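Every number in this text was worked out from the coordinates using simple rules, so none of it is lab data. A quick note: this is a predicted structure, and the numbers were derived from the prediction, not measured. Backbone-built Cβ (ideal geometry, glycine too); neighbour counts: all protein chains shown.
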Amino acid sequence: MSLDAKQASYHAIRYFLEMMPGIADSKDIRLEEIEFDKVGHSWLVTYSFPDPQESQDFGALTPFGGRRLAKVIRVDAEDGSFVALKQFVA
């Protein structure tokens, strides 16, 4: 049985927080995108978080908040196992 999007997101955030424990303390991790890759039979789940190197004070003054970074976690659609973690490049 294949995972649905909600299950894939659950597995992806677990891997993300385990692999990046410094980010786990952030109160502002956002699910940005979730996409099924038919060719790779996997889910691509994108999370963003505040840039830890940017000043909190400066980010609060901008109209859109501070700079954010994003990571894409690839999860196997069949069993939810970790496949890859990549930096999102806009």
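Summary of computed values
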{"read-out": "Sorted peptide list for 78-88, 10-20, criterion being average Cβ within 10 angstrom, highest first", "value": "10-20, 78-88"}
{"read-out": "Difference of contour (0.36 nm per residue) and Cα-Cα distance, Lys27 to Ser81", "value": "16.9 nm"}
{"read-out": "Inter-label distance for Glu35 and Tyr10, nm, one decimal - labels placed 7 Å from Cα along Cα-to-Cβ", "value": "2.5 nm"}
